[in-house]
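The values are calculated or read from the model by the stated rules, or taken from the named source; none is laboratory data. Just so it is clear, the model here is predicted, and its values are computed rather than measured. Reconstructed Cβ throughout: ideal geometry from the backbone, glycine too, with neighbour counts over all protein chains shown. Just so you know, the surface numbers come from the protein's heavy atoms only, side chains and all, with ligands and any DNA or RNA stripped out. Shrake-Rupley method; radii C 1.70, N 1.55, O 1.52, S 1.80 Å.
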Amino acid sequence: MTGAEVVAPSTLRLFAALPGSSFREHEQVHGSLPTHSAPELIAAAEQAGLTGRGGAGFPMHRKLTAVAAGARPVILANGSEGEPASGKDRSLLTVAPHLVLDGIQLAARAVGAQRAYLYIPRDAVVQRSVAEALAQRGRQPGAVKVEVVTGPDRFIAGQETAAVSKVSGGLAIPRFAQQPVYEKGVRGRPTLVQNVETLAQLALVARHGPAWFRSVGTSAEPGTMLVTVSGAVARPQVAEVALGVEIAAALDVAGGPTGPLGAVLVGGYHGAWLPASALHEPLSNADLKKYGATVGAGVLAALPAERCGLVETARVVTYLAGESARQCGPCLNGLPAIAGALSELAGARPRRGARADVERWAGLMPRRGACAHPDGTVSFVHSALRVFAAELAGHERGRCTATSSTPVLPTPRTAERGWR
Amino acid sequence: MSPAVGARRLRLDPVACDGRGLCAELLHELIELDEWGFPLISPDPVPPELELLALRAASACPVLALRLVPA
Amino acid sequence: MSPLTGVTAATSAGSPLWYFNRATGVVCLLLLTVVVVLGILVRRSRPIVAAPRFVVAAVHRNASLLTLVFLAIHIVTGVLDPYVSLNISDAVLPFTAGYRPLWVGLGAVSLDLMLAIVVTSLLRQRIGVRAWRLVHWATYASWPLALAHGLGTGSDIGAWWMIALTAGCAVAVVGSVAWRVSASFWAPEPIGQALSAAGARSVPPRHLVR
């Protein structure tokens, strides 16, 4: 199967149960929690080719194996979703929390964990949904206790070591790790950090089997994923699509573009812009590679043609600079500098050296911090310089093709500026 | 080219690093400073003739951000 | 004059040991002043000292070790001197001395702090920066204690050169500390000057940035 079809509502997987389903209703739709053993679960994850849905796309079975090798491991289900343009984790936790909780229990069994943490945003709707779901389940026999930890509404709060730090009782900022989290994570214990969507997918794989999971998607990238379609589309929403679906088809699930598009942001704010000419491309890492993009966290933000991509990019990079944890010199100094120069490029007749400044500072960012925040930001900036090259040239001559100044990409500013 | 047995490389703790610059003064062959005063460190294994100097650079760091680790 | 009275006269006038004790005491004060001032300057030394930071740091370290050497002589000569009754233990146990217990005791406290600072500095890579830094703050207590000890026990206090020396050391330390806590301490160094002194370039060479 080529997976070119969008997952139709009748074959919805993650969203098969109705929103607000009780635990009983959830079990009626999906079946009860499978009783597979730990090796069976890890094998199923491997055969299904289940990869992380948090953005990095790391094979789940390898993480499970690494953590299972440690003593007294713990599970950290990451639903904090610091990405402003993404709403899939919130949706999943609101619409199908029981699948996530199932996934946590199965992952705990797979690695031999006795404790689990569910890391969620400080969102009232999500918190209530999670609390209700936990209350409905009560204490199942053999189930692992799940502790809910809420994190601050900051971009970096969902980063792996930041999540571990917050759950361990500290700030939600990245830590320079002497050892990887699968060896030493929450309170020094081997920790499986997995996105909530990945855990929910595991809950489905355990019930229906690897072959079922692979029946949609591509052979190299099987299964479905949640995408957050936003921007210039008729009905912005979180949708479940098969990997390998045409980007244009994914936009159509959300009602399609409201007008001609200039570009689409794929992945997230550490992702990449795709030109409007690339909308026929399949949503898969293999096909997006040539654009310097990955499917990432499933963000698909459509930029209307009347809005300037450089202005949007400069706005987002300014936001990203403000979201730095400010722990590492290059990020702390470099991101604001890049944001400033990009803002110049987004204006009329920018200073001659602005473009060279961006390139120089961008070159000083990769692999010099405790996390990939500067790296991802630079990747996003490079894609903008590529895709909006014509616009750049126009700005140099004092011309901008944009006719709208309405911001498209969200750049929230929370009242509190800390990471507690 | 795989590193020689016992070869070590420089590793920086970017959170601890404060841009003091003593490492670059002592080991300019392998460490340079960017325009904000933070080190750019060669990722390659430290050549044997520079090993002693690298150790000195690591111990000179006022915040102990620089270490020599197995390559 | 009998040989005995000759000896007594020589003792009461000041034995060689007592001279060494006073001399090494003065040298210690001078060295300690250098140590404290360099310790402050190492963070922002550019306008005053033209040497690279690692040199300033190394001189600071070596001066402190040299201080311990002179301190050792200072203590031994003080103990051996027959004019005052001091034991070795009085150097580290404060306020237990038979001679001017308060002032000698202040010296003992200063020495204890110095020993803690030096030992933790030598073991820095084992105990970590936070523990090291905590003990290192004790420097700011050790120096004034040493100064007070000198003022209380020294017999050269009235001499003009001693006053000038003490005043000079005090000005150097107080001035450095005042600069350290002022905002101008953190005024940015001229980037070019600082970086070229450290061998930096603003375009990183290919082999260092992939």
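So for each of A:283-295, A:248-260, A:95-107, A:26-38 I average, over its residues, the number of other beta carbons within 10 Å; can you give me the resulting order with the highest mean first?
Per-residue mean Cβ counts within 10 Å order the peptides as A:95-107, A:283-295, A:248-260, A:26-38.
Could you work out what % of the accessible surface of chain A is carbon and sulfur, using a 1.4 angstrom probe and leaving DNA, RNA and ligands out of the count?
Numbers: 8830 of 16310 Å².
Here carbon and sulfur together make up 54 percent of the probe-accessible area.
Once you average over the residues of A:398-405, how many Cβ atoms of partner chains fall within 10 Å of each Cβ?
The shielding value for this peptide is 0.
Roughly to the nearest percent, how much of the accessible area of chain B is carbon and sulfur, given a 1.4 Å probe?
57
Which three extents, in angstrom, do the Cα atoms of the protein assembly as shown have along their principal axes, listed largest first?
Between the extreme Cα coordinates on each principal axis of the protein assembly as shown lie 124, 70, 51 Å.
What Kirkwood radius, in Å to one decimal, follows from the Cα pairs of chain B?
The answer is 12.1 Å.
In percent, how large is the relative contact order of the stretch B:1-54, given Cα pairs closer than 8 Å and 6 or more residues apart?
39 percent.
Under a 1.4 Å probe, what is the accessible area of the protein assembly as shown per residue, stated in Å²? The partial results should precede the final answer.
Details: 31080 Å² over 701 residues.
Ligands and nucleic acids excluded, the figure is 44 Å² per residue.
Roughly what would the spin-label model give for A:Ala69 and A:Lys289, points 7 Å off Cα along C-beta, in nm?
With each label placed 7 Å out from Cα toward Cβ, I get 2.6 nm.
Please give the contour-minus-distance gain from C:Val171 to C:Val118: 0.36 nm per residue of separation, less the Cα-Cα distance, rounded to one decimal in nm.
In short, 16.6 nm is gained.
In the stretch B:4-30, what residues drop by 20 Å² or more of accessible area when the other protein chains are put back, versus the chain on its own? Use 1.4 Å, and skip ligands and nucleic acids.
Buried on complex formation: B:Arg11, B:Asp13, B:Pro14, B:Val15, B:Arg20, B:Leu22, B:Glu25, B:Leu26.
Shielding by partners for A:279-285, please: the mean number of other protein chain Cβ atoms within 10 Å of each residue's Cβ.
0
Accessible area of C:Tyr99, 1.4 Å probe, to the nearest 10 Å²?
Looks like 50 Å² after rounding.
Rounded to whole Å and ordered largest first, report the semi-axes of the equivalent ellipsoid of chain A derived from its Cα gyration tensor (root of 5λ). Write out the running numbers ahead of the final one.
On the way: eigenvalues 263, 122, 65 Å².
Each semi-axis is the square root of five times an eigenvalue, giving 36, 25, 18 Å.
The stretch A:161-274: percent of C-alpha pairs farther apart than 20 Å?
59
Given an 8 Å cut-off on Cα distances and at least 6 residues of separation, report the relative contact order of the stretch A:17-154 as a percent. Can you show the working numbers first?
Numbers: 179 pairs, mean separation 38.0, N = 138.
Worked out over the stretch A:17-154, it gives 28 percent.
What does the structure give for A:327-335 when I average, per residue, the other chain Cβ atoms found within 10 Å of the residue Cβ?
Mean partner shielding for this stretch: 5.
Any idea what the relative contact order of chain A is, in percent, if you count C-alpha pairs under 8 Å spaced at least 6 apart?
17
At a probe of 1.4 Å, how much accessible area disappears from chains A and B on forming the pair, both sides counted, to the nearest 100 Å²?
Using a 1.4 Å probe on protein heavy atoms, the buried area is about 1200 Å².
What's the total accessible area buried between chains C and B, using a 1.4 Å probe, rounded to the nearest 100 Å²?
Rounded to the nearest hundred, the buried surface is 2100 Å².
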